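The block underneath contains the structure these notes are about, expressed in structure tokens.
The values are calculated or read from the model by the stated rules, or taken from the named source; none is laboratory data. Note that the coordinates shown come from a computational prediction; the quantities given were computed from them, not determined experimentally. Backbone-built Cβ (ideal geometry, glycine too); neighbour counts: all protein chains shown. Note: accessible area is taken over every heavy atom of the protein model, side chains too, but ligands, DNA and RNA are not part of it. Shrake-Rupley method; radii C 1.70, N 1.55, O 1.52, S 1.80 Å.
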Amino acid sequence: MFKIRNLYLAAIALALLFILTRFYKIDSSLLFFNDIGRDFLALWQWQQTGKPPLLGPQTSALPFNQSAIYFYLLYPFYLLTGHSPYASLIAYSAFYLTGLAIGLYFLRQYPRLEKSLLLVFLLIIVHPEYIKQGRFIWNPSFVTPCILAAFYSLVVYFETKKPSRYLLPFSAFALALATAFSYSAAPVLIAFLIYIFYRQRKDTLRYLLYSVISLFLVNLPTFVFELRHGFLLSKMMLFGDKLDQGRNFLNARLLNLSEFSLVGSHWLWALACLLFLALAYYLSNKNEKNRFLNASFFLFFTTLVITILAPVSIHSHYIFGILPLLFLTISFLEARYIYLIGIFFYIIFMKASLQANYFAPARHSVAELQSCVRDFCASQKEPIFISNQSSHHPYHNAMEFQYFMSEAGCQVKDINTQNGEASTMAVVLDDDVYEHGKTSYNELTLFGQSKEIERFICQEKLEIVILSL
């Protein structure tokens, strides 16, 4: 009983540390920008029209969308928090902490798995890329708990003499949900299928069937969209132009994977870590065979190989499928090797954390953005297009300003789908300059020949240029 209390006390401490690292100074440090604005705009439009979106976020690698189930997860939190700009962060935290609590409850008869879950959660809390993308929430942020759920349910299924019939379909559904949030989790799903074929061949077809059914369910809104629009996305993916992501050669994928996983470390450090992990795996298995360790190492190594060989550029948000498998492998090593790897990670993570300064003020706080657009929209009664010119990024679609201005009462129109429905454009200048007739980008071209009417000054480095046809 004493051990159980200690375990739950550790879980509470980890939960508090998780909340601290995700919410500390968030009011001043949250960079409400681009993808977050895109998500909130979709939620706002859902509430205004009463029509749930059928498509989720657009992917960067292919002309295809993620599942709208991501928006379905965020929407209740958006409503319950009264459109709080932190609604997605609250949803993310609830997703992780609920997963931790449910996991500990259902693993209560497997002390080794409980301890593994706590260690994995600790690594998730302190890993710099998890902190960074746990304070800037978008769809890849939700991948990891699904993969952990898939793993623990699968190993319990294999280690139980009379396993619950729900464990196998639950594992498959959790993996399908991970891919619904981000297609970067697809290599993990393939690795699981290979592992089941290797470990218990008779379950392979069942798991494959459960996976297909689960993928259909989590992508059902996308299938509805395809049926309504003559399989538009499928045709675009098959015959349309693909976005060239660059750095799509093997060496670049290896370098990027090591950089994002070990946050900026040289590839030699990543290689040394892998070699030590392989040695620790061998030595941990030498005296007593550890089936949990074997499963996690097999899945990690297989996912690593598939990820490296896949002809897709590696970005920072692609690591949320492979990192939890690495953390799982570490969690099942002998204690002495866990301590050694922990020291290595501590040095790497602390160095990255000090450089990143996660809690530094954003260039514009949420309150500043809201105040700016509130004052602007109070005097703007006509329909309007929004675009953005910034010295900090190359994007001109101004998703965050489209959302904030819509919420503030502006009649915002989409220049791509509603061209001609407004005769005014607001160009938001974010620490940049606009020279009429010289500044050029796609949204301005779509708007057409115009004249500059006036400038609305919010701050020294934030102003709005009003153009009219």
Margin query: Being in contact (Cβ under 8 Å) with a residue 60 or more places away in the chain, open to solvent by less than 70 Å² (accessible area, probe 1.4 Å), part of a helix (DSSP H, G or I) and within 16 Å of residue 106 (Cβ to Cβ) is the requirement here; does residue 188 meet it?
Written below: no
Next item on the list: Give the residue, chosen from 423, 450, that is at pLDDT 90 or above, farther than 27 Å from residue 31 by Cα, in contact with a His (Cβ under 9 Å, 6 or more places away or on another chain) and surrounded by 15 or more Cβ atoms within 10 Å (Cβ to Cβ).
Entry: 450
Item checked: Residues located in region 308-325, provided they are part of a helix (DSSP H, G or I) and surrounded by fewer than 16 Cβ atoms within 10 Å (Cβ to Cβ) -> 308, 309, 316
Note to self: Among (1) outside any helix (DSSP H, G or I); (2) within 30 Å of residue 186 (Cα to Cα); (3) free of Cβ contacts under 8 Å to residues at least 40 places away in the same chain, there is one condition residue 381 misses while meeting the rest; what is its number?
What the structure shows: (2)
Margin query: Can you confirm whether residue 87 is under 18 Å from the mean Cα position of the chain (by Cα) and within 20 Å of residue 229 (Cβ to Cβ)?
Written below: no
Next item on the list: Quick one: which residue in 363, 374, 336 is open to solvent by 50 Å² or more (accessible area, probe 1.4 Å) and free of Cβ contacts under 8 Å to residues at least 24 places away in the same chain?
Entry: 336
Next item on the list: Could you tell me which numbered condition residue 73 fails, if it satisfies all but one of (1) open to solvent by 30 Å² or more (accessible area, probe 1.4 Å); (2) farther than 15 Å from residue 141 by Cβ?
Entry: (2)
Next item on the list: With the condition kept exactly as written, say whether any residue in region 194-204 is under 22 Å from the mean Cα position of the chain (by Cα) and of a type in the set (Asp, Glu).
Entry: no
Next item on the list: Find the residue count for region 218-239, including only residues that are open to solvent by 30 Å² or more (accessible area, probe 1.4 Å) and either outside any helix (DSSP H, G or I) or among the β-branched types (Val, Ile, Thr) (or both).
Entry: 4
Check: Which of the residues belonging to region 83-108 are β-branched (Val, Ile, Thr) and closer than 27 Å to residue 408 by Cβ?
Finding: 90
Note to self: Suppose the filter is assigned to a loop (DSSP other than H, G, I, E, B) and of a type in the set (Lys, Arg); does residue 363 pass it?
What the structure shows: yes
Next item on the list: Search region 282-297 for residues that are within 12 Å of residue 195 (Cα to Cα) and without any contact (Cβ under 8 Å) to a residue 40 or more places away in the chain and pair each with any residue that is open to solvent by 50 Å² or more (accessible area, probe 1.4 Å) and in a helix (DSSP H, G or I) when their beta-carbon atoms are under 9 Å apart and the residues are at least 6 apart or on different chains.
Entry: 294/199; 294/281; 297/281
Notebook entry, point to check: Is it fair to say residue 68 is under 15 Å from residue 35 (Cα atoms), in contact with a strand residue (DSSP E or B) (Cβ under 6 Å, 6 or more places away or on another chain) and modelled with pLDDT of 95 or more?
Noted result: yes
Checklist line | Pair list, Cβ under 7 Å, 6 or more apart: region 88-103 residue β-branched (Val, Ile, Thr), other residue buried (at least 19 other Cβ atoms within 10 Å of the Cβ) and modelled with pLDDT of 95 or more | finding: 90/77
Check: Among the residues of region 52-83, which ones are part of a loop (DSSP other than H, G, I, E, B) and over 25 Å from residue 121 (Cβ atoms)?
Finding: 52, 53, 54, 59, 60, 61, 62, 63, 64, 68, 82, 83
Margin query: So residue 130 ticks every box in (1) at pLDDT 95 or above; (2) among the aromatic types (Phe, Trp, Tyr); (3) closer than 19 Å to residue 353 by Cβ but one. Which box is left unticked?
Written below: (1)
Margin query: With the requirement that a residue be open to solvent by 20 Å² or more (accessible area, probe 1.4 Å) and assigned to a helix (DSSP H, G or I), what does region 30-41 give you?
Written below: 35, 38
Next item on the list: Kindly indicate whether residue 271 is at pLDDT below 90, over 27 Å from residue 64 (Cα atoms) and open to solvent by 50 Å² or more (accessible area, probe 1.4 Å).
Entry: yes
Margin query: Quick check on my filter: what residues within region 122-176 are crowded, with 21+ Cβ neighbours inside 10 Å and hydroxyl-bearing (Ser, Thr, Tyr)?
Written below: 130, 141, 144, 152, 153, 171
Item checked: Flag for residue 316 being in contact (Cβ under 8 Å) with a residue 12 or more places away in the chain, of a type in the set (Ser, Thr, Tyr) and closer than 30 Å to residue 113 by Cα -> yes
